[in-house]
1. So, in Å, what gap is there between the alpha-carbon centers of segment A:124-183 and segment A:239-305?
2. Between beta-carbons, use under 14 Å as the cut-off and find the net charge around residue A:98, counting Lys and Arg +1, Asp and Glu -1.
3. Sum up the charges of everything whose Cβ sits under 13 Å from the Cβ of residue A:163, counting Lys and Arg as +1 and Asp and Glu as -1, but leave residue A:163 out.
4. How many times 2.2 N^0.38 Å is the alpha carbon radius of gyration of segment B:14-199?
5. About the Cα centre, and with charges only on the beta carbon of Lys, Arg (+1) and Asp, Glu (-1), how big is the dipole of chain B? Nearest 20 debye, please.
6. Any idea what diffusion coefficient segment B:1-91 gets from Stokes-Einstein, in µm²/s, Kirkwood Rh on alpha carbon pairs, 10 °C, 1.306 mPa s?
7. Is the C-alpha gyration tensor of segment B:45-118 telling us rounded, prolate or oblate? Criteria: a/c under 1.5 is rounded; beyond that, a/b larger than b/c is prolate, otherwise oblate.
8. Return the loop-located GluC sites (Glu not before Pro) in segment A:147-210 (DSSP other than H, G, I, E, B) with at most 14 other Cβ atoms within 10 Å of their own Cβ; answer none if there are none.
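What follows is calculated from the coordinates using simple rules that are stated; it is not laboratory data. All figures in this text were calculated on a predicted structure; none of them were measured in a lab. Neighbour counts run over all protein chains shown; Cβ positions are idealised from the backbone, glycine included.
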Amino acid sequence: MVDHFYQLTPSFPPTLDSTQKTKANHQDYMKYIAQLTAGLIMSLTLLTTGCSTFTDEFIFQNNRKQHQANNLFQYLYPNKGEHIDTPSIPVLSLPLRVGIAFVPDCAHSGNSQLAPLSESKKMELMKEVSKDFKAMPFVKSIELIPTTYLAPEGGFANLDQLRTMYDIDVITLISYDQVQFTDHSLWSVSYWTVVGLYVVQGERNETRTMLDAAVYDIASRKMLFRGPGISNIKASATPFNLERELRENSEKGFASASTNLVTAIHTQLDEFRDRVRSSPEEYKIVHKKGYTGGGSMGSAELSLLACAGLSFLCLRRNKTL
Amino acid sequence: MPAPKQNTVIRLPVLTIIMVSAAFILALLPQSVGWLQYDRSAILSAQLWRLFTGHWIHFSMSHLLYDAGAVGIAGWIIEQNRRPDFKWYCLLAPWVIGLACFIFAPRMEFYGGLSGIATGLLVYMALQGLRERTAWRWICTAILCSVPLKIYCESTAGQTLFASGMDQHIAVCITSHVAGALSALGWVTMVNCQKTFRLRNVPC
């Protein structure tokens, strides 16, 4: 059998001359084979174990998804829609005092491993939104309300408390929803080279963010208008900086969505003004005691009056007047 | 050479110039606001001149330009027709409008602008124009119809709500416009009645 093996692998080292075959040599050779086999088994075991960890960590962990959100509907209607408030005609007492707050995170707000949106970040976003309101002459004051003052699933009862506490008429409730997806690209094959893990950006990730601001008249329970801010960020990273990249993209997503939100609110605010003008039966406007009154001569009136003046002048020049 | 027809001569509208330039001068003197603005609390503490002077205080440049423009055009047209009673109307109207705001708009703390007077001048001008027998008469009829229409739109369509071009919230004071229009209507009616009465009493 051994001879047959030698014949099959004539060049296999150590090359043994058939004439030098002795019993001692045969034992040495068998020892070598045993060592080689053991080495191979060990290498194979090590390699498989390493591969398992390696593949688990970097190759086969496909389609990772992270989600963080809060829910406006759950905050306002915690009893799953059983209770329905009947909205009445909102009475807007001008100038308005506006509150801005983030909807509190609910217990099952998402499965994110990332930290939720921090309070300081929320304040920054609220300041951005408040700039647009401040520019409006009919807004008297703006209160940025920390999330800690809002009870999870507090509903309109909680808003009534805030109304008294902050002396506000309307409130802008901001909610958010962010999902992050991570997939492998074709370049992830290079991870097998180990060096590829550090240099090849084979992890494709996508961050979808939506901020939504809904403006409610607290007294009448009626939503005056709402505006969304949406952002979609696509990036890629190496497996080793994936977590950092996801955190950065999360922040970028919120920043970009807040910019879009401000633009949307501006548009919605203009549309709301037009709606109030065109549908006075839907909104009642009163003025707070101590308001300031003034004139309303506009460009249209002045233009018509200028035309009348010119007509007067022409008629006078033609001596018909 | 025949002398030019009296009506074709362009006269210098002295009263209008005084009214408009006073508004511009006060705009350049921000410290005057504290003493001259219509301030309900101050009026209640016997600073009655504010009922008159408050009309010449404006809240923004656009506010001033629009109001001054309206007063300028209407005043100029009226002064071209040499109305001797016009100076008396100019003296009386600010008091009437200020007093009307004080009585009928008790929630309004501050007021500013010549718009009430401008509305009064428009109505005055239109009522005088009705006596003409030319196309001007129809223009004045249209103006006269548009004034109540404008006031109605202001009161119903929520125009007062979001006055643009202001740094702060300024509600359009409909009371001042109504008072301006009614004061002109009352004044012209009174003057005409007086003229009619005089003519009737002239011995033949």
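1. Measuring centre to centre over Cα atoms gives 14 Å.
2. Values: positive: A:97, A:127, A:131, A:134, A:140, A:163, A:288; negative: A:132, A:143, A:167, A:169, A:217.
Here the count lands on +2.
3. Result for the neighbourhood of residue A:163: -3.
4. 1.02
5. So the magnitude is around 940 debye.
6. 106 µm²/s
7. It is oblate, given that a/c is not under 1.5 and a/b is not larger than b/c.
8. Qualifying residues, ordered by number: none.
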